[in-house]
Amino acid sequence: MSETAAPRASALQARLAELSRFARAFRRNPLGMVGLFIGLLLILAAIFAPWLATHDPYAPDFGGRLTPPGAEYWLGSDELGRDIYTRILYGSRITLFIVALVIFTSAPIGLFMGVISGYFGGWIDAVLMRITDVFLAVPKLLLALAFVAVLGPGIVNAALAITLTAWPPYARLARAETLAVRNADYINAIRLAGASPIRIIARHVVPMCTSSMLVRVTFDMAGIILIAAGLGFIGLGAQPPLPEWGAMIASGRRFIFDQWWVAAMPGAAIFLVSLGFNLLGDALRDLLDPHAVRRT
Amino acid sequence: MSALLTIEDLTVAFPRDGGGEELAVRGVNLTMGREKVGIVGESGSGKSLTARCILGVQAVHARCTARAMRFDGVDLLTATPRQMRSLRGGRIGMVMQDPRHALDPVQRIGDQIVEAIRLGDRKISRRDAWAKARNMLESVEIREPDRVMRLYPHEVSGGMGQRVMIAIVFVREPDLLIADEVTSALDVTVSARILELLDEMVTRRNMGLIFISHDLNLVSRFCDRVLVMYAGRVVEEIAAADLHNAQHPYTQGLLACMPQIGGPQEPLPVLQRQESWREEGAGA
Amino acid sequence: MSEIEIEGLSVSYGEGRGQRQVVQGADIAVEKGECFGLVGESGSGKSTILRAAMGLAPQWQGRIEIAGVDARKGPRPAFLRKVQMVFQDPYASLHPRLLIGEAIAEPMRVNRLPRVAERTVELLEAIGLTAAHRYRYPHELSGGQRQRVAIARALALDPEVLLLDEPTSALDVSIQAEVLNLLNKLRAERGLTYLIVSHDLAVISHMCSRLAVMKEGRIVETLGREELTTGAAAEAYTRDLIAASR
Ligand SMILES: Nc1ncnc2c1ncn2[C@@H]1O[C@H](COP(=O)(O)OP(=O)(O)OP(=O)(O)O)[C@@H](O)[C@H]1O
Ligand SMILES: Nc1ncnc2c1ncn2[C@@H]1O[C@H](COP(=O)(O)OP(=O)(O)OP(=O)(O)O)[C@@H](O)[C@H]1O
Ligand SMILES: [Mg+2]
Ligand SMILES: [Mg+2]
C-alpha cells in the first residue's frame with residue numbers, strides 16, 4: 001500500500017484531488033481540449049455578446065445590404081444590412097439557452113424514470129419502459145415538429161419539444177446503469193443499514209449513473225443544437241428577427257449562390273459548436289467509461 | 001527454450017495527489033517460455049498491475065513503460081490498439097481478479113461464454129457454441145451447467161463466478177494464460193480440479209501460464225518457479241519446490257502468517273515490513 | 001437459548017417453473033460469544049444462508065432468530081441493529097463514489113445515531129486505520145484495508161452478531177493474518193458472536209470452536225475443532241476436504 005504525499009484534511013480536499021486527477025488525465029487528450037475550448041468560447045460569446053459585438057443585431061441598414069466579409073462587416077451582412085458576426089454572437093445566447101433548457105429538463109426526467117424502473121423492476125419497470133418505448137418509436141424530429149405545430153412556434157416551445165424527444169434515451173441509459181448496480185454488494189450493505197429505497201436511490205444509485213449520463217449529455221448537446229437549428233430553419237423555432245442560427249441560414253438560402261456568407265457563416269457556427277461537443281464527449285467517454293482502456 | 005514472453009524493466013507510475021508520480025511497479029523483468037510461473041506477494045505489491053500491463057488494460061491514468069515487452073515475436077510496446085485487441089482474449093487470455101466486475105452484469109452467463117467462443121471462431125453455429133460453452137462449464141466443475149447458463153452474474157456464487165471467468169478464457173485456448181487469483185474463492189476440492197485442468201492445458205496445448213496467487217502452499221506445489229514481489233519489485237525468484245526454504249525475510253514472513261489446521265488459536269504473527277526491502281532484491 | 005438459531009431453513013430462488021431450492025433444511029445454533037464456521041463446496045449455499053438471515057434472499061421457510069429477534073416477525077430496524085454482515089468481496093462491497101468516512105457514517109446517519117463524526121474516527125482506529133483515511137476513496141485502499149473498512153461499517157451500528165462471508169478469501173496471507181487478529185480482538189472486546197463462511201479450513205480452525213460442512217444445499221455434518229484437527233469426521237466428503245487442505 002502506498003501512502004499519498006500528504007494526508008487529506010477534509011472531504012472537500014478529497015473531491016478536489018479527484019477532480020485534479022481527472023483534469024490532468026483530460027489534459028492529455030488534445031482533441032478533448034479543442035472541444036472544451038469551443039464549448040468555453042460559446043459560453044464566453046454568449047456572456048459578453050454586447051461587448052464583443054460591432055453593430056446592433058436588429059437595426060436594419062439598407063445601405064449596407066448583403067455586403068461581403070470585410071473591414072466593416074467582419075463576416076458580411078445579411079439582406080437587411082445587419083452584421084452577421086454580431087448576430088452570430090447574440091445567436092449563441094439563444095443556442096445556449098435552448099441547450100440548457102433541454103438538458104436541465106430532459107436529463108432529470110430521464111434519470112428519474114430510468115432509475116425508478118431499474119431499481120424496482122417488475123410492473124413499475126414494465127409500465128415506465130413501455131412509455132419510454134412509445135416516445136422512442138416516433139422519429140425525433142417528427143415528434144418535435146408535431147409538438148411545435150400544436151403549441152405554436154417559439155424558442156421555449158422548441159426547447160420543450162426537443163425535451164420530449166430527448167429524455168427517453170436517458171431513461172434507457174439510467175435504467176441500464178441501475179440494473180448493473182442494484183444487486184451490487186455495496187447497495188446491499190446500505191440496505192442492511194436499514195435505509196429506505198428513496199435514500200438508496202438518491203444517495204447511492206444516482207451517483208453511479210452520473211458519469212455515463214454526463215458523457216451522453218455532452219454528445220447530445222451537438223444533436224440538440226442541430227435540431228434547434230432545424231426547427232429554426234423551417235420556421236418553427238425562434239422567430240425573426242431573433243438571430244437564431246438556423247433561422248439565419250433559412251433567410252440566407254435565397255442568396256446561397258451569390259451571397260454565400262449569409263447562410264455559410266451561421267452554418268459554420270453550428271458546425272463548429274456541434275463538433276466541439278462531439279470532441280468533448282469523446283474525451284469524456286475515454287475517461288469516464290469504465291470499459292474503455294488505453295495504453296500510453 | 002524460446003521465450004514466449006519477455007519483459008524488461010517494466011515500470012508503472014500513477015499521478016500522485018499533490019503532483020508528481022508514484023511508482024507502483026518498479027523495474028520488473030520476466031522471461032518465460034511455456035511453463036508455469038507463479039507470482040506471489042502481499043496486497044498492493046503490483047502483481048495484478050504487471051499482468052494488466054502485459055495486456056495493455058491498465059487504468060487510463062496509469063503510465064506503463066518498459067525497455068522491452070515482447071510476446072512470441074510481437075512487440076507489445078509498439079502494437080496497434082487493434083493488434084492488442086486481437087491478442088487479448090485470443091492468444092493471451094487473462095482471468096481477472098474480480099470476476100464479478102469483469103462479467104457484464106446485465107448479460108446472461110451463457111451468452112457471455114458463447115460470445116467469447118464466437119469471437120474466436122466466427123464460423124461456429126450458435127448452437128454448437130452453446131453446447132461447447134455448456135461442456136466448458138461442466139469441466140470447471142459447475143453443477144447443473146444448463147441452469148447456470150441462464151443465470152445473470154449476480155445470481156451465481158462467488159466461486160461459480162470465478163469459474164465462469166475461467167471458462168470464458170479457456171474456450172479461446174490462449175497461448176499464454178494469466179490467472180489472477182483464480183482459486184481464491186474456491187474450496188480445496190474444486191480448486192484442485194481447476195488446477196488439474198490448467199496443468200492439462202499447459203502440457204497438452206503447450207501453453208505458458210502466469211499464476212498470481214496469495215496461497216503460497218498452492219503456488220509452491222503447482223508452479224515451476226515463483227517470483228516474490230514487494231512494493232512493485234521482484235525481491236526473490238526461486239524454484240517453486242524450494243519456496244519453503246526461501247531466503248528473503250519477506251518471503252519467510254509471508255509463510256509464517258498462515259494459520260494451520262489444528263494450530264494454536266493465538267494471534268497470528270503479522271508481517272514486520274522493513275524499509276530496506278523496498279530497494280534491495282533480485283533483478284532476475 | 002442460543003444467540004443464533006436457524007431451524008429447518010430452506011431457501012429458493014426464482015419463481016414458477018424456474019424456481020429452485022438452493023438450501024434445504026439447514027439447522028445451525030451458535031452460542032453467545034462463540035465463533036461458528038460454515039464450510040463446504042463452492043455453490044453449496046453458504047452465502048445464501050447468510051443472505052436469507054439478513055433478508056437479502058426473500059424466499060425462505062423455517063425459523064431464524066438472532067440475538068432474540070425473529071428475522072421474519074421481529075421489527076426490522078431492531079434486527080439490523082443487532083446483526084450485521086460483511087460481504088465476500090471487498091472490491092464490490094464499498095460504494096466507489098463514497099469516501100471511506102461517508103461509507104462508515106452512512107449506517108449511523110440512516111439510524112439517526114448521535115456523535116457520527118467521533119464514532120467514525122473511533123471505528124477507523126479500532127480497525128487499525130487512521131482518521132485521515134476518512135477522506136480516501138475505496139480505490140485508494142488495498143484489498144485488506146477495504147475489508148477492514150467493511151468490518152468497521154458493519155460495526156457502526158454496534159451489533160451483537162456478525163455474519164462474515166469469506167472475510168479473508170480475497171486477501172493475501174499477511175493481511176489475512178491482520179484481519180483475523182482484528183476479528184478475534186473485536187470479539188473478545190465486544191463479546192461478539194460470529195458466523196464465518198470460509199472455504200479455508202485453516203482459517204476456520206484458527207477462528208472457530210465448531211463448524212458445519214455443507215454440500216449441495218444441505219448441512220451434512222457439524223463437528224468440533226478437535227475432529228477437524230484429527231480428521232475424525234463421519235462424512236466422506238468432510239474427510240476429503242480435510243485431507244486436501246493439509
Ligand atoms: N487505478 C489505480 N490508481 C492508483 N493507484 C493504483 C491503481 N491501481 C493500482 N494502484 C496501485 O498500484 C499498486 C499495485 O496494485 P496491484 O493491483 O497490482 O496489487 P496486487 O499485487 O495485485 O494486490 P492484491 O493482492 O491486493 O490484488 C497498489 O499500491 C495500488 O494502490
Ligand atoms: N439471485 C439468485 N438467483 C438464482 N440463483 C441464485 C441466486 N443467488 C444464488 N443462487 C444460486 O444459489 C446457489 C448457492 O449460492 P451461494 O452463493 O449460496 O453459494 P456459496 O456456498 O456461497 O458458494 P461460494 O463458496 O462459491 O461463494 C448457487 O447455485 C447459485 O447459483
Ligand atoms: Mg491483484
Ligand atoms: Mg459465497
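The values are calculated or read from the model by the stated rules, or taken from the named source; none is laboratory data. Small disclaimer: the values here were computed from a predicted structure and weren't measured. Ideal geometry is used to build each Cβ from the backbone, glycine not excepted, and the neighbour counts take in all protein chains shown. Each accessible area value is taken on the protein alone, full model and side chains, heavy atoms only, with ligands, DNA and RNA left out. Shrake-Rupley method; radii C 1.70, N 1.55, O 1.52, S 1.80 Å.
Show the residue pairs meeting these rules: Cβ distance below 8 Å; 6+ apart or different chains; first residue within the range B:135-156 and open to solvent by less than 70 Å² (accessible area, probe 1.4 Å) and part of a helix (DSSP H, G or I); second residue near ligand 2 (Cβ under 9 Å from one of its atoms) and of a type outside the set (Val, Ile, Thr).
B:LEU137/B:ARG163; B:ARG147/C:ARG20; B:VAL148/B:MET160; B:PRO153/B:GLY161
Do we have B:GLU280 as modelled with pLDDT of 85 or more and out of contact with any helix residue (DSSP H, G or I) (no Cβ under 9 Å at 6 or more places or on another chain) here? Working first, answer last.
Numbers: modelled with pLDDT of 85 or more: no; out of contact with any helix residue (DSSP H, G or I) (no Cβ under 9 Å at 6 or more places or on another chain): yes.
When the stated conditions are applied, B:GLU280 does not pass them.
In the range B:33-59, what count of residues is obtained for those that are open to solvent by less than 30 Å² (accessible area, probe 1.4 Å), within 10 Å of chain A (Cβ to nearest Cβ) and either within 16 Å of ligand 2 (Cβ to nearest atom) or at negative phi (or both)?
Residues meeting the conditions: 7.
Looking at the range B:47-95 only, could you name the residues that are in contact with a Leu (Cβ under 8 Å, 6 or more places away or on another chain), basic (Lys, Arg) and under 25 Å from B:ARG118 (Cβ atoms)?
Result: B:ARG88, B:ARG91.
If you take the residues in the range B:112-134 that are under 26 Å from the mean Cα position of the chain (by Cα) and open to solvent by less than 50 Å² (accessible area, probe 1.4 Å), which one is farthest from B:ALA185 (Cα to Cα)?
Per the stated criteria, the residue is B:ALA129.
Quick test of your reading of the structure: C:ARG112 fulfils all but one of (1) over 14 Å from the mean Cα position of the chain (by Cα); (2) without any contact (Cβ under 8 Å) to a residue 60 or more places away in the chain; (3) within 11 Å of another protein chain (Cβ to nearest Cβ); (4) on the phi < 0 side of the Ramachandran plot. Name the failing condition by number.
So the condition that C:ARG112 fails would be (4).
Considering only the range C:184-210, state which residues are within 11 Å of another protein chain (Cβ to nearest Cβ) and open to solvent by less than 10 Å² (accessible area, probe 1.4 Å).
Going residue by residue through the range C:184-210, those that are within 11 Å of another protein chain (Cβ to nearest Cβ) are C:184-185, C:188, C:197-209.
Result: C:VAL197, C:SER198, C:LEU201, C:VAL203, C:ILE204, C:SER205, C:HIS206, C:MET207, C:CYS208.
Being of a type in the set (S, T, N, Q) and either part of a helix (DSSP H, G or I) or more than 13 Å from ligand 1 (Cβ to nearest atom) (or both) is the filter here; which residues of the range C:167-180 pass it? So that I can check it myself, show each step before the final result.
Residues of the range C:167-180 of a type in the set (S, T, N, Q): C:168-169, C:174, C:176.
Answer for the range C:167-180, where residues must be of a type in the set (S, T, N, Q) and either part of a helix (DSSP H, G or I) or more than 13 Å from ligand 1 (Cβ to nearest atom) (or both): C:SER174, C:GLN176.
Can you tell which of C:ALA92, C:ALA105 is more than 9 Å from chain A (Cβ to nearest Cβ) and under 21 Å from the mean Cα position of the chain (by Cα)?
Values: C:ALA92 fails: more than 9 Å from chain A (Cβ to nearest Cβ).
Being more than 9 Å from chain A (Cβ to nearest Cβ) and under 21 Å from the mean Cα position of the chain (by Cα) holds for just one of C:ALA92, C:ALA105, which is C:ALA105.
Would you please list the contacts, defined by Cβ atoms under 9 Å and residues six or more apart or on different chains, that run from a residue in the range B:261-281 that is farther than 17 Å from C:ILE175 by Cα to a residue that is assigned to a loop (DSSP other than H, G, I, E, B) and among the basic types (Lys, Arg)?
Final answer for the pair search is B:ILE261/C:ARG246.
Can you find, within the range A:175-197, the residue that is farthest from the other protein chains (Cβ to nearest Cβ) among those that are more than 16 Å from C:ARG97 (Cα to Cα) and touching a residue at least 24 places away in the same chain (Cβ under 8 Å)? Before you say what the answer is, go through the steps one by one.
Quick first cut of the range A:175-197, residues more than 16 Å from C:ARG97 (Cα to Cα) only: A:175-176, A:179, A:183, A:191-197.
Filter once more, keeping what is touching a residue at least 24 places away in the same chain (Cβ under 8 Å): A:175-176, A:179, A:197.
Values: A:ARG175: 10, A:ALA176: 7, A:LEU179: 5, A:PRO197: 12 Å.
The qualifying residue farthest from the other protein chains (Cβ to nearest Cβ) is A:PRO197.
Test C:ARG218 against the stated conditions and say whether it is open to solvent by 10 Å² or more (accessible area, probe 1.4 Å), at pLDDT 90 or above and within 14 Å of chain A (Cβ to nearest Cβ).
On the way: open to solvent by 10 Å² or more (accessible area, probe 1.4 Å): yes; at pLDDT 90 or above: yes; within 14 Å of chain A (Cβ to nearest Cβ): no.
Here the answer is no, as C:ARG218 does not meet what is asked.
What are the residues in the range A:151-163 that are modelled with pLDDT of 90 or more and open to solvent by 50 Å² or more (accessible area, probe 1.4 Å), if any?
A:VAL156, A:LEU160
State whether one or more residues within the range B:3-21 are in a strand (DSSP E or B) and without any contact (Cβ under 8 Å) to a residue 12 or more places away in the chain. Lay out the reasoning, then the answer.
Keep residues of the range B:3-21 that are in a strand (DSSP E or B), which gives B:5-15, B:21.
Then drop every residue that is not without any contact (Cβ under 8 Å) to a residue 12 or more places away in the chain, which leaves none.
No, every residue in the range B:3-21 fails to be in a strand (DSSP E or B) and without any contact (Cβ under 8 Å) to a residue 12 or more places away in the chain.
If the requirement is being within 16 Å of ligand 4 (Cβ to nearest atom) and in contact (Cβ under 8 Å) with a residue 40 or more places away in the chain, which of these qualifies: B:VAL202, B:VAL226, B:VAL219, B:VAL190?
Details: B:VAL202 fails: within 16 Å of ligand 4 (Cβ to nearest atom); B:VAL226 fails: within 16 Å of ligand 4 (Cβ to nearest atom); B:VAL219 fails: within 16 Å of ligand 4 (Cβ to nearest atom).
Going through B:VAL202, B:VAL226, B:VAL219, B:VAL190 in turn, the sole match is B:VAL190.
Quick one: which strands (runs of 3 or more DSSP E) sit completely within the range C:1-101 and have at least 3 residues that are open to solvent by 10 Å² or more (accessible area, probe 1.4 Å)? Give the derivation first.
Numbers: elements: C:4-13, C:20-30, C:35-40, C:60-66, C:83-86.
Ranges flagged: C:4-13, C:20-30, C:60-66.
Among the residues of the range C:221-237, are any within 14 Å of ligand 2 (Cβ to nearest atom) and assigned to a loop (DSSP other than H, G, I, E, B)?
Checked against the condition, which is being within 14 Å of ligand 2 (Cβ to nearest atom) and assigned to a loop (DSSP other than H, G, I, E, B), the range C:221-237 yields no hits at all.
Return the total of residues in the range B:172-188 being within 14 Å of another protein chain (Cβ to nearest Cβ), away from ligand 3 (no atom under 14 Å from the Cβ) and among the charged types (D, E, K, R).
1
Spot the failing condition for C:GLY37; the list is (1) within 30 Å of C:ALA244 (Cβ to Cβ); (2) in contact with a helix residue (DSSP H, G or I) (Cβ under 7 Å, 6 or more places away or on another chain); (3) away from chain B (no Cβ under 14 Å), and only one is missed.
Result: C:GLY37 fails condition (3) only.
For the range B:84-108, what are the residues that are under 13 Å from B:VAL164 (Cα atoms) and of a type in the set (A, V, I, L, M, F, W, C)?
Once the filter is applied, which keeps residues that are under 13 Å from B:VAL164 (Cα atoms) and of a type in the set (A, V, I, L, M, F, W, C), the range B:84-108 yields B:MET94, B:VAL95, B:MET96, B:ALA102, B:LEU103.
Write out, first by first residue and then by second, each pair whose Cβ atoms fall under 8 Å of each other, whose residues are 6+ apart or on separate chains, and whose first residue, in the range A:21-37, is open to solvent by less than 70 Å² (accessible area, probe 1.4 Å) while the second is in a helix (DSSP H, G or I) and polar (S, T, N, Q).
A:GLY35/A:ASN278
Each row is one residue, and each column tells you yes or no for (1) more than 14 Å from chain C (Cβ to nearest Cβ); (2) more than 16 Å from ligand 4 (Cβ to nearest atom); (3) within 19 Å of C:ARG20 (Cα to Cα); (4) part of a loop (DSSP other than H, G, I, E, B).
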position: B:GLN112; (1), (2), (3), (4): yes, yes, no, no
position: B:GLU115; (1), (2), (3), (4): yes, yes, no, no
position: B:ARG118; (1), (2), (3), (4): yes, yes, no, no
position: B:ARG122; (1), (2), (3), (4): yes, yes, no, yes
position: B:ALA129; (1), (2), (3), (4): yes, yes, no, no
position: B:MET160; (1), (2), (3), (4): no, no, yes, no
position: B:VAL164; (1), (2), (3), (4): no, no, no, no
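Out of the range C:151-166, which residues are surrounded by 22 or more Cβ atoms within 10 Å (Cβ to Cβ) and either within 16 Å of ligand 3 (Cβ to nearest atom) or assigned to a strand (DSSP E or B) (or both)?
C:LEU162, C:LEU163, C:LEU164, C:ASP165
Condition test on A:ALA180, is it hydrophobic (A, V, I, L, M, F, W, C), in a helix (DSSP H, G or I) and closer than 30 Å to C:ARG112 by Cα?
Numbers: hydrophobic (A, V, I, L, M, F, W, C): yes; in a helix (DSSP H, G or I): yes; closer than 30 Å to C:ARG112 by Cα: yes.
The answer is yes for A:ALA180.
Looking at the structure I just gave you, is B:ASP104 closer than 26 Å to B:ARG150 by Cβ, within 16 Å of ligand 4 (Cβ to nearest atom), within 14 Å of chain A (Cβ to nearest Cβ) and open to solvent by 30 Å² or more (accessible area, probe 1.4 Å)?
Details: closer than 26 Å to B:ARG150 by Cβ: yes; within 16 Å of ligand 4 (Cβ to nearest atom): no; within 14 Å of chain A (Cβ to nearest Cβ): yes; open to solvent by 30 Å² or more (accessible area, probe 1.4 Å): yes.
Spelling it out, it is not the case that B:ASP104 is closer than 26 Å to B:ARG150 by Cβ, within 16 Å of ligand 4 (Cβ to nearest atom), within 14 Å of chain A (Cβ to nearest Cβ) and open to solvent by 30 Å² or more (accessible area, probe 1.4 Å).
Run A:LEU236 past the list (1) in contact (Cβ under 8 Å) with a residue 60 or more places away in the chain; (2) crowded, with 20+ Cβ neighbours inside 10 Å; (3) assigned to a helix (DSSP H, G or I) and report the number of the one that doesn't hold.
(3)
Can C:ALA170 be described as within 9 Å of another protein chain (Cβ to nearest Cβ) and open to solvent by 10 Å² or more (accessible area, probe 1.4 Å)? Working first, answer last.
Numbers: within 9 Å of another protein chain (Cβ to nearest Cβ): yes; open to solvent by 10 Å² or more (accessible area, probe 1.4 Å): yes.
Against the criterion (within 9 Å of another protein chain (Cβ to nearest Cβ) and open to solvent by 10 Å² or more (accessible area, probe 1.4 Å)), C:ALA170 qualifies.
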